[in-house]
Structures are given as structure tokens and as C-alpha cells.
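The values are calculated or read from the model by the stated rules, or taken from the named source; none is laboratory data. It should be emphasised that the depicted structure is a prediction, and the values quoted were computed from it without experimental measurement. A quick note on method: Cβ atoms are made from the backbone with ideal geometry, for glycine too, and the neighbour counts reach across all protein chains shown. Areas reflect the complete protein model, heavy atoms only, side chains present, ligands, DNA and RNA absent. Shrake-Rupley method; radii C 1.70, N 1.55, O 1.52, S 1.80 Å.
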Amino acid sequence: MTDTLVFIPAWNEEENIPTVLDEVRRELPDVDVLVVDDGSTDSTAELALDRGAEVLSFGENRGLKAAIAAGYRHALEQGYRFCGRLDADGQHPAHELRRLLDRVRGGHCDVAVGSRFVSGDGYAAYRYRPSPARAFGTAVLRRAMAMRLDQPFGDATSGMYAVNDRALPLLAKPYETGAPEVEALLRVSEAGLRLEEVPVDMRERQAGESKLRGKKAVKLVLTVAGALLLGGGLLARRKE
């Protein structure tokens, strides 16, 4: 029996999911793998099953925030000690998730988040060059997150996570906004858990088109940043 689950939210990713799962099996042979199928209308679920993954399928498309909560909830309910998350589009190298899991398993932190925008450990600064619009949105969000977390955080929208069972109850709760990664960071910080941003390399999407791109992505980032800076609204600080 393994103590670690890696889950992958997926919506119509038949072009990418076989390669992603093959890489996970190669780089992380000691983990269980769950694909959270967010109401796909293509062969995502069937291909994941063929690759030996467990599949949790929604009857309809419920959105990324529901898929993320379901993945963490599965890990919590099944009693896993550690949990990792990867995207289904091939952007997240599985060997980088292994580094994050090693940090959490080693007791260095409760939550490790893979970051494109921090340097160190052989990862060069400014290795990613976003478009001017994305760079502006990211800068605003970074300033807002620093104010709310009381610590700098460079890549608040990263979906590469490794967590332990202290964080699972927080992350398994339903998300209320279109920015579940930002909500997750706030929950972890406000609970006093140890949060670490780890430099990683990421790739371009391997096939297909991003579900969140262009002006839509920038608008979401700016909306979330505005709510954070105002200290209320959609992402108001909650007290348990």
C-alpha cells in the first residue's frame, strides 16, 4: 500500500493524458494515480483507465475548482498521508513534482508549490518571459498576495502542489471562486501551516488549447488581485 496519491484534473485532454500518465508512472512508480474527469466529452476517461489510473468522472462539466476539491477529498477520505497535483496538459514535469513531494515527505513544509518565477537550486531567475499583459497581471497579483500572506509569493496560480495530511482537510473544502489556487494559498497561510514555494521548470501545453488564455486569463488575475487588495469581497479573509 502506498501512502501517496497524485491526482490530475482533466477536461477533454485525450491528446495529452496518455503521455502525462506514462510520465507519472515512470517518475513516480510508488504512488497511486487518480484522474478527476470533469465531464469530458472525448476519450479522456477511457484512456486514463487504459493507462491504469483510477478515474473519478463527473456527469457534467463542473469546472476546475470542483475537480481540485474532489481530488483532495479523495485523498483525505482514503487516508493518504501525502498528495500531489499535476495538470493534464503536460505542462508539469512529473520529476518536478517528485522534488516537491520529497520536500513534504521530509518534513520541510506542509505544502510545497512549484513556481516558474522564483530562482535558486540551479534554476535561473527570469527563465520565463510572459507576455506584457500577463506580466502586468502577475505583478499585481504578486503584490496582493504578499500583502495577504505576509510573505512574498511569485506564482500564485501554479497548479503543481504537494501536500501532507495536515493540509488535506483545508484543501478538500469546496472552492468559491474561479481562482482555487489562490484560495488554497490563503487557507494554508491562515491555518498557520508551513508553505514553501519551490523553483521548478514547466513546459508549454503539449497539445490542444488552454481553457484559460489571453484576455480571459488576465481578467481573472486582475479580478482576484483586486479582491485581495480590497481585503474583502470574493476572497474575504475567513476565520474558522
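Along each principal axis, taking the top coordinate minus the bottom one, the Cα set of the range 81-192 gives 40, 31, 27 Å in descending order.
The gain in end-to-end length when the residue 102 to residue 81 segment is fully stretched comes to 6.3 nm, 0.36 nm per residue minus the alpha carbon separation.
With a Förster radius of 22 Å applied to the beta-carbon distance between residue 27 and residue 203, the computed FRET efficiency rounds to 0.95. Across the range 25-81, the volume of the C-alpha convex hull divided among the residues equals 93 Å³ per residue.
In the range 132-185, the inverse of the mean reciprocal separation of distinct Cα atoms equals 12.4 Å; this is its Kirkwood hydrodynamic radius. Label-to-label distance for residue 133 and residue 50 is 3.7 nm, based on points extended 7 Å past Cα in the beta-carbon direction.
Residues in the range 92-103 carry Karplus couplings, in order, of 9, x, 5, 5, 6, 4, 4, 4, 5, 4, 4, 5 Hz; the curve used is 6.51 cos²θ - 1.76 cosθ + 1.60 with θ = phi - 60°, and Gly or Pro positions show x. Inter-part distance, the range 63-129 to the range 138-167, computed on C-alpha centroids, equals 12 Å.
Each residue of the range 52-64 was assigned a 3J(HN,Hα) from its phi angle through the Karplus curve 6.51 cos²θ - 1.76 cosθ + 1.60 (θ = phi - 60°); the sequence is x, 7, 6, 10, 10, 10, 7, x, 8, 6, 10, x, 4 Hz, with glycine and proline shown as x.
What number comes out for the charge environment of residue 46, summing +1 per Lys or Arg and -1 per Asp or Glu over other residues with Cβ under 11 Å away? Charge balance in the 11 Å sphere: -3.
Counting only protein heavy atoms and a 1.4 Å probe, the range 50-203 has 44 square angstrom of accessible area per residue.
When the accessible area of the range 55-191 is split by element with a 1.4 Å probe, what percent falls to carbon and sulfur?
Values: 2880 of 5880 Å².
On the range 55-191, the fraction of accessible area on carbon and sulfur atoms equals 49 percent.
Summing +1 for each Lys or Arg and -1 for each Asp or Glu, what net charge is found among the other residues whose Cβ lies under 10 Å from the Cβ of residue 116? Net local charge, residue 116 excluded: -1.
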